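> If you scroll down you'll find the structure; I have some questions about it.
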Amino acid sequence: GDNSEISLLWDLYVLLPVLVSGAVHAQIVDSSFFKAVGLLLAVLLSLRAKNAVSRRQKLMVGVLDMMNTAKNLLYLLSDKDRNRRRMRAMLQFCFMEVAIWVTRNTPNAAFTDAGPSHSLADLDPEDREAVFVLRSKCAAGIGPRPLMLFLRDFCDELFDPDAPTESKFVQRPSGDESAGGSPPTKTRIDKVSIIRRFHRNLETELHALFEKFDFLLMYREQFMTMQFRWMLDTVIFVYVLLYPWCVRNETRTVLGATTAGMAFVFYGLNALTEQLEDPVQQKGQGFNLPDTFRVMFEDLDYDEVVRTRCNEFLRSSKEAGAAIDEELHKKFEEEIELEQMAPPSQRSVEAENMVVSRSIIPVASGAGLVNGP
């Protein structure tokens, strides 16, 4: 930070009279006092570094939980293609609103301006009016919480208790066990149970989403107080300042290089720890939330393309009389790999969609978090 830079310059400035006057052979400060200050500095820096790493890890868990919640909500409303498209567009819009609100007025706000922006045009026409009113108004200081709460009513609108319960990717003809189907059955889940199960799962996911939204807002608050920051800078300043007066029988070159090296190490570590404490607001050390959420939804699109292709492959294999086993699945994976490696002119439409979907997903850090530049 700026305080560390100023303290570093003062330490180097105070070192100059010691080197110029030739007082490199005198020991004025007691070594026990110097060691005590060093021990205090070590405790403070280690405590701050430990808390900073823990804070960064908690943010990673929180963001990943939000992303998993979006995937679960999409699965709950995947009975119809139109509902899934509406839900995906609404979730992406909400997540981008959250990213903009959390990173506003910070160095990371430039990430949102540089990346692809979200627009009302991405939503279904019948959803735009409500979103227009409920979305965040950064200029007025109003956050996206009303839009997040609107998700409950939006999901209720999309839910159809009379829709079939099986996944759209699974088609099992009754009575044809040789073709991978299931024997005829008259068992059916009653409508009341379907409604209760849906609302229980929906409330669980939405509660987790709202909780993580509040968790992200906590990262806009200053982690360490200004008094603690000044105290740590002061301890580093005093420790480096006392070092030239604690050693003797050193040449000017060695003493100057050692003192300058200590100053750069301690102030550099302190500045790095300060950036780790704010993984959302610090550019470079922070996470790029808009790009992280965008990559997640593009990854979902790619996943759906692959599973649709797998469903078509399974259907054609069953019509050809193939057995559903590990060899068939391995054959599908080999076919997908060959199609993606083929020249563009030789790819099928499905293979081209998979390649295009995957090519727009940048390299992320681990499970999907995108670091800032």
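The values are calculated or read from the model by the stated rules, or taken from the named source; none is laboratory data. Source: prediction; values computed, not measured. Glycine gets a Cβ as well: all are built from the backbone with ideal geometry, and neighbour counts include every protein chain shown. Keep in mind that these areas ignore ligands, DNA and RNA; they rest on the heavy atoms of the full protein, side chains included. Shrake-Rupley method; radii C 1.70, N 1.55, O 1.52, S 1.80 Å.
> Which of (1) modelled with pLDDT under 80; (2) of a type in the set (Asp, Glu); (3) part of a helix (DSSP H, G or I) does ASP79 not meet, given it meets every other one?
(3)
> Would you check which residues across the stretch 320-332 are part of a helix (DSSP H, G or I) and loosely packed, with under 11 Cβ neighbours inside 10 Å and list them? Break it down stepwise before answering.
Kept after step one, since they are part of a helix (DSSP H, G or I), are these residues of the stretch 320-332: 326-332.
Across the stretch 320-332, the qualifying residues are GLU326, GLU327, LYS330.
> Can you tell me which of (1) open to solvent by less than 10 Å² (accessible area, probe 1.4 Å); (2) over 11 Å from the mean Cα position of the chain (by Cα); (3) not basic (Lys, Arg) is the one GLY62 doesn't meet?
(2)
> Which members of the stretch 70-83 meet the condition of being in contact (Cβ under 8 Å) with a residue 60 or more places away in the chain and open to solvent by 10 Å² or more (accessible area, probe 1.4 Å)? Write out each step before concluding.
So the first thing to find is which residues in the stretch 70-83 are in contact (Cβ under 8 Å) with a residue 60 or more places away in the chain, and the list is 70-74, 76-81, 83.
Matches in the stretch 70-83: LYS71, ASN72, LEU76, SER78, ASP79, LYS80, ASP81, ASN83.
> Considering only the stretch 177-218, state which residues are at pLDDT below 50, surrounded by 13 or more Cβ atoms within 10 Å (Cβ to Cβ) and not hydrophobic (A, V, I, L, M, F, W, C).
Residues satisfying the conditions are GLY180, GLY181.
> So how many residues does the stretch 208-224 have that are more than 17 Å from LEU77 (Cβ to Cβ) and in a helix (DSSP H, G or I)?
9
> When the residues of the stretch 32-59 are filtered to those that are open to solvent by less than 40 Å² (accessible area, probe 1.4 Å) and within 22 Å of PHE293 (Cα to Cα), which remaining residue is nearest to the chain's Cα centre (by Cα)?
If we filter the stretch 32-59 for residues that are open to solvent by less than 40 Å² (accessible area, probe 1.4 Å), which is where we start, we get 34, 37-38, 41, 44-45, 48-49, 52, 55, 59.
Keeping just the survivors that are within 22 Å of PHE293 (Cα to Cα) gives 55, 59.
On the way: ARG55: 13, LEU59: 8 Å.
Per the stated criteria, the residue is LEU59.
> Here is a further query. For the stretch 333-346, check the following and say yes or no: at least one residue is under 30 Å from GLN57 (Cα atoms), open to solvent by 50 Å² or more (accessible area, probe 1.4 Å) and at pLDDT below 85. Break it down into steps so the answer makes sense when it comes.
So the first thing to find is which residues in the stretch 333-346 are under 30 Å from GLN57 (Cα atoms), and the list is none.
Scanning the stretch 333-346 turns up no residue that is under 30 Å from GLN57 (Cα atoms), open to solvent by 50 Å² or more (accessible area, probe 1.4 Å) and at pLDDT below 85.
> Kindly indicate whether VAL247 is in a loop (DSSP other than H, G, I, E, B), open to solvent by 20 Å² or more (accessible area, probe 1.4 Å) and either touching a Ser or Thr at 6+ places or on another chain (Cβ under 8 Å) or over 30 Å from LEU59 (Cβ atoms) (or both).
Numbers: in a loop (DSSP other than H, G, I, E, B): yes; open to solvent by 20 Å² or more (accessible area, probe 1.4 Å): yes; either touching a Ser or Thr at 6+ places or on another chain (Cβ under 8 Å) or over 30 Å from LEU59 (Cβ atoms) (or both): yes.
Against the criterion (in a loop (DSSP other than H, G, I, E, B), open to solvent by 20 Å² or more (accessible area, probe 1.4 Å) and either touching a Ser or Thr at 6+ places or on another chain (Cβ under 8 Å) or over 30 Å from LEU59 (Cβ atoms) (or both)), VAL247 qualifies.
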